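What follows is a short report on a single structure.
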Amino acid sequence: MKTELISKDNLNLAVEFLAKGQLVAFPTETVYGLGADATNVDAVKKVYKAKGRPSDNPLISHVSSPDMVWKYADEKYKKIAEKLMDKFWPGPLTIILPIKPNSLSSNVTGGLTTAAFRMPDNKSTLEVISKLNKPLVGPSANTSGKPSPTLPEHVLHDLNDKIAGVINDGPSKIGVESTVIDLSVKTPTILRPGFITYEQLNNVLRDVISDQHKVSDTEVPKAPGMKYKHYAPNAQVIIIDNPDDFKTAYEEKAKFGEVGILATDEILSKFEIDKKFKFSLGKNIQTSLKELFAGLRYFDNMEAVKFILAQGYSGNGVATAYMNRLNKSAGQIHYKKGE
Ligand code: TXA
Ligand code: MG
């Protein structure tokens, strides 16, 4: 199947493909999603197949309005959910709610009695969902295990000829996936950190549990997707927590193979190496969040690169989301001198 690059003035084509049960990748403010009609069991099956995704990993249903959620979700937690929807939707927050029995198929929910909902902040995608008048499932539109796509080119790199189309809306504004909050439990719990921070959620709800995403290897994470290997390029990613260590780390690793550096302009400017081995994270944590996946993909396409030295960030707020993704892609490896 030839994958169409669909322009924003041709959205009816995307709606047509989706209505026929085909897959269309769609832009959001976080990353590109792989869309299928959430109420069409066969279409949802194709999503798992195209991505090579483990079948017990449930999908987010993307809606074009809060009203669309209540066709499927139990209204028991409506009041508290609406507080979050009012404040953060459309936007990078996914809300887990108990659902009405059998309202969504088990290949959307992974067989759970809850489901994930999100209203993305992207005009084209909201228009497509509302024209289709059905929620769209949307895992990130990458091959399972690889960094999430923040450009239509990334989607085509992984899924060309496997899906009907991708809507072209340029680079994603935020660059990492949404914050996932579980409202189906006694105390609202963050299952995946993202651009909407613990501090922001706690301001609205009070007593939010922040750290469910920090599970050890022997525990079962509540968001099934958090247990899989993720965002992993072929090269070894090494996190540099102290910017002063970049130079020594580079000298140590360069003995064994080509080294790519993923850092802010200030750090890159101190390296006099071929510029193809540098990828800029811009100037601060926000631009770093936006460029992280693109940078990992950039070096992944360079066969010769054996190590990627990536800048770490300390602190709360969106740094939590950045470090969560970077730690996964590095398999938790942080640079220590002489190791
Ligand atoms: O920003 C995003 O959220 C992007 C864009 C495309 O919207 N989507 C995305 O989807 O990241 P995905 O499938 O890569 O991640 C969804 C996460 C997974 O970790 C999954 O296990 C979790 O949400 N999840 C989905 N349903 C759940 C449920 N009922 N209970 C717990 N976790 C759930
Ligand atoms: Mg994903």
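So here's what we get for this one:
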quantity: FRET efficiency estimate (nearest 0.05) - Cβ-Cβ, ASN102 to ASN284, R0 41 angstrom; calculated: 0.30
quantity: Percent antiparallel among DSSP beta bridges (both partners in the chain, rounded to 5); calculated: 35
quantity: At R0 = 41 Å, FRET efficiency that the Cβ-Cβ distance of VAL41 and HIS334 yields, to 0.05; calculated: 0.40
quantity: Sequence of TYR72, TYR231 once ranked by neighbouring C-beta atoms within 10 Å, starting from the fewest; calculated: TYR72, TYR231
quantity: Binned Cα-Cα distances of the stretch 264-339, short to long, each 10 Å bin given as a whole percent; calculated: 17, 51, 30, 2
quantity: For the stretch 264-322: relative contact order, % (alpha-carbon pairs under 8 angstrom, 6 or more apart); calculated: 29
quantity: Dipole of the chain [Lys/Arg +1, Asp/Glu -1 at C-beta], most positive-end residue of LEU104, SER329, ILE129; calculated: LEU104
quantity: Per-pair calculated FRET efficiency, R0 = 30 Å: THR248 and LYS275 via Cβ, rounded to 0.05; calculated: 0.90
quantity: Sorted by Cβ density within 10 Å, fewest first, the residues MET302, MET1; calculated: MET1, MET302
quantity: Positive-end residue of ILE196, GLY91, ALA115, charge dipole of the stretch 4-210 with Cβ unit charges; calculated: ALA115
quantity: Cross-link pairs beyond the 27 Å C-alpha cut-off, checked among LYS71/LYS123; LYS146/LYS253; LYS270/LYS337; LYS100/LYS162; LYS51/LYS337; LYS51/LYS306; calculated: LYS100/LYS162; LYS51/LYS337
quantity: Net charge dipole size for the stretch 236-330 [Lys, Arg +1 and Asp, Glu -1 on Cβ; Debye, nearest 20]; calculated: 260
quantity: On Cα atoms only, tilt of 285-300 relative to the major axis of the chain in degrees; calculated: 80
quantity: Leading residue at positive end of dipole, the stretch 1-119 (Cβ point charges), from SER65, MET1, ASN12; calculated: MET1
quantity: Rounded to the nearest 20 debye, dipole of the stretch 283-339 from Cβ charges on Lys, Arg, Asp, Glu; calculated: 140
quantity: Computed [θ] at 222 nm, helices only, for the chain once each DSSP H run of length n ≥ 4 contributes -39500 (n - 2.57); calculated: -8500 deg cm²/dmol
quantity: Relative exposure of LYS123, LYS78, judged by other C-beta atoms within 10 Å (fewest first); calculated: LYS123, LYS78
quantity: Descending semi-axes in Å of the chain, equivalent ellipsoid built from Cα gyration tensor; calculated: 34, 23, 17
quantity: Cβ-placed point charges (K, R +1; D, E -1), dipole of the chain about Cα centre in debye, nearest 20; calculated: 580
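Any read-out appearing in this document is the output of simple, stated calculations on the displayed coordinates, not a laboratory observation. Remember, it's a predicted structure, so these values are computed and weren't measured experimentally. Positions of Cβ are generated from backbone atoms using ideal geometry, with glycine treated the same way; all protein chains shown enter the neighbour counts.
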